[in-house]
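Colleague: Structure in structure tokens, see below.
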């Protein structure tokens, strides 16, 4: 069986690499002159969590050098290429960064520092997705409450960053306790096949994966579609994206955005799309993050259960 479960990983890499070509063009009359003001860009290392960091760093360095030479751009980025969450947060807070490729979890505590009108989000394979909880159709687990003491598996990927919070809210809504105490065991894997197939073969009782990953599994193996069923699904969510700091010049933002709108019309853009299996980047506003942010907010609010908090601890 061909395992295409690394599409979410490639989608995250697409989000990263799509920002490299022609990041800034000179506003001077001479189109071959490099931009005098570089875009100070941070790329969160959480977006490449399932990629060999040395390979990813080498690929980014190659593309940056090529774009700098071919398209006369000025890019200012940390030499190690990828930044920790703390570095991204600190850079945006202190005004040392102009833009960042990051997850909604990282964005949430510093959202007020970003321009709310211009977000670059992926579409197609690299675009919004939703989460699913799957069980066997013929098994004894037909509702979430049936899974108490069950064996649970979760997909681990950059775009799954909201999954733990979403699962916590599901258990909260049914007063089932915390994730850690509800299930007898919880495992995780970066490949969809290693998360879904254990349920298919009854080695696990349920799993949490992405809808797109499950659809791919079903296309490759129709028996999976016939044997498994969805007992819970999340809203469609944007979880990884580009955001610009407030007061970053609108003209420079427009240049960055215009490049992405026409990315697939260039040979370089098509090469990136083929290599990393993504379609294009689209412009949205902060509203696209509302479903994910609402789940993160809810997961932090304990419910009153007769003196018990969300995790079963005294309030």
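The values are calculated or read from the model by the stated rules, or taken from the named source; none is laboratory data. Here the structure is a predicted model, which means the values were calculated and not measured. Cβ coordinates were reconstructed from backbone atoms using ideal geometry, including for glycine residues, and neighbour counts include every protein chain displayed.
Colleague: Listed residues 145, 187; which is surrounded by fewer than 19 Cβ atoms within 10 Å (Cβ to Cβ), part of a strand (DSSP E or B) and modelled with pLDDT of 95 or more?
Modeller: 187
Colleague: Can we say residue 139 is in contact with a helix residue (DSSP H, G or I) (Cβ under 9 Å, 6 or more places away or on another chain) and in a loop (DSSP other than H, G, I, E, B)?
Modeller: Yes; evaluated as a whole, the condition is true for this residue.
Colleague: Take the residues in region 226-249 that are under 22 Å from the mean Cα position of the chain (by Cα) and over 30 Å from residue 142 (Cα atoms), then tell me which one is surrounded by the most Cβ atoms within 10 Å (Cβ to Cβ).
Modeller: 240
Colleague: Separate question: I want to confirm something. Restricting to region 151-168 and keeping residues that are under 14 Å from residue 129 (Cβ atoms) and in a helix (DSSP H, G or I), which single residue is modelled with the lowest pLDDT?
Modeller: Per the stated criteria, the residue is 158.
Colleague: Residue 157 is checked against (1) under 13 Å from the mean Cα position of the chain (by Cα); (2) outside the structural domain of residue 283 (by TED's automatic domain parsing); (3) surrounded by fewer than 21 Cβ atoms within 10 Å (Cβ to Cβ) and fails just one. What number does that condition carry?
Modeller: (3)
Colleague: Now a separate question. Quick one: residue 107 ticks every box in (1) over 20 Å from the mean Cα position of the chain (by Cα); (2) surrounded by 15 or more Cβ atoms within 10 Å (Cβ to Cβ) except a single one, so which number is it?
Modeller: All conditions are met except number (1).
Colleague: Quick one: which helices (runs of 4 or more DSSP H) sit completely within region 197-315 and have at least 1 residues that are farther than 30 Å from residue 95 by Cβ, out of contact with any strand residue (DSSP E or B) (no Cβ under 7 Å at 6 or more places or on another chain) and at pLDDT below 85?
Modeller: Those helices (runs of 4 or more DSSP H) span 267-276.
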